[in-house]
Amino acid sequence: MWRAVALVSCLATAVLAGCGADGGVVIGVRPGQPGLVTRLPDGGFTGFDIAVAQYVARDLGYRDDEISYTLDPAQADLVVGADPAHGRYVAGPYLVTSTEILVRAGDLTIGRVRDLTRKRVCATQESSARLVSRFGQRWKGAFLALANVPAACAPLLADGRTDAVVADAPVLAGIEAQYPGRFRFAGKPITTVRYGIGTGSAGLRDRVDEALRHMFDDGTWKQAVIDNLGVLATRYTVPPPLTRPAPGR
């Protein structure tokens, strides 16, 4: 299962300028994913996906003042958190994680996936797909609250309107950090998730892979994990192997 940053093919392999209206690069973001993409009070964005996207853009030749953001993926050159269908060629992965369960710290009735059979769950459509497949449409109608973004589930869990939040582990760690001591991870991972970078050509994919390799090798990836993924920093101590090795390896 892939979740990805997508670079559209206007980022030519040989010529990097000219994608954005001013010759810069426009990054489409999907906020509401604490730890991965969080909107700041000044309108900017922070998070692990942002750190990766910025590093890749810089490695491709863009200065910081040439990087801008949009909430409309149709207007973007890079789309953070998009489906890799935006491009046939997927670089990475830059993170291998899992979809997991977050519950209130004092709730000991949920310790594994099957305990959700008669529990109220909040999740996005994507994160809840495996549960719906397992428990069925009747369960979905009775117990599942669908959210547009995972962050919308946090207040529901905090005030007892739902019993569990299901999302990718980095997002759950971000939510947990916003409610210190109130939530805990429960049970085993539901499914593995690989974060990658979709591109529009094999050549661009290879350049993005090389940018990721630079990020892995120079320590920036590890620092981004520490800065953005909180309690999970001890889980992701080394970068994942890239799908394609470097030339000559």
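The values are calculated or read from the model by the stated rules, or taken from the named source; none is laboratory data. The structure displayed is predicted, hence computed values, not measured ones. Cβ: placed from backbone, ideal geometry, glycine included. Neighbour counts: every protein chain shown. All accessible areas refer to the heavy atoms of the entire protein, side chains included, with ligands and DNA or RNA removed. Shrake-Rupley method; radii C 1.70, N 1.55, O 1.52, S 1.80 Å.
Overview of values
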{"read-out": "Any hit, segment 186-199, residues being assigned to a strand (DSSP E or B), aromatic (Phe, Trp, Tyr) and in contact with an Asp or Glu (Cβ under 9 Å, 6 or more places away or on another chain)", "value": "yes"}
{"read-out": "Residue that is nearest to TYR55 (Cα to Cα), among those in segment 168-197 that are in contact with a strand residue (DSSP E or B) (Cβ under 9 Å, 6 or more places away or on another chain), open to solvent by 20 Å² or more (accessible area, probe 1.4 Å) and of a type outside the set (Lys, Arg)", "value": "THR192"}
{"read-out": "Matching residues, segment 30-68, being in a helix (DSSP H, G or I) and either loosely packed, with under 15 Cβ neighbours inside 10 Å or touching a strand residue (DSSP E or B) at 6+ places or on another chain (Cβ under 9 Å) (or both)", "value": "PHE48, ASP49, ILE50, VAL52, ALA53, GLN54, VAL56, ALA57, ARG58, ASP64, ASP65, GLU66"}
{"read-out": "Members of segment 28-50 that are over 25 Å from ALA123 (Cα atoms) and either touching a Gly at 6+ places or on another chain (Cβ under 8 Å) or touching a residue at least 12 places away in the same chain (Cβ under 8 Å) (or both)", "value": "GLY44"}
{"read-out": "Test: residue in segment 200-221 that is open to solvent by 40 Å² or more (accessible area, probe 1.4 Å), assigned to a loop (DSSP other than H, G, I, E, B) and at pLDDT 95 or above", "value": "yes"}
{"read-out": "Number of positions in segment 90-119 that are within 24 Å of the chain's Cα centre (by Cα) and basic (Lys, Arg)", "value": "2"}
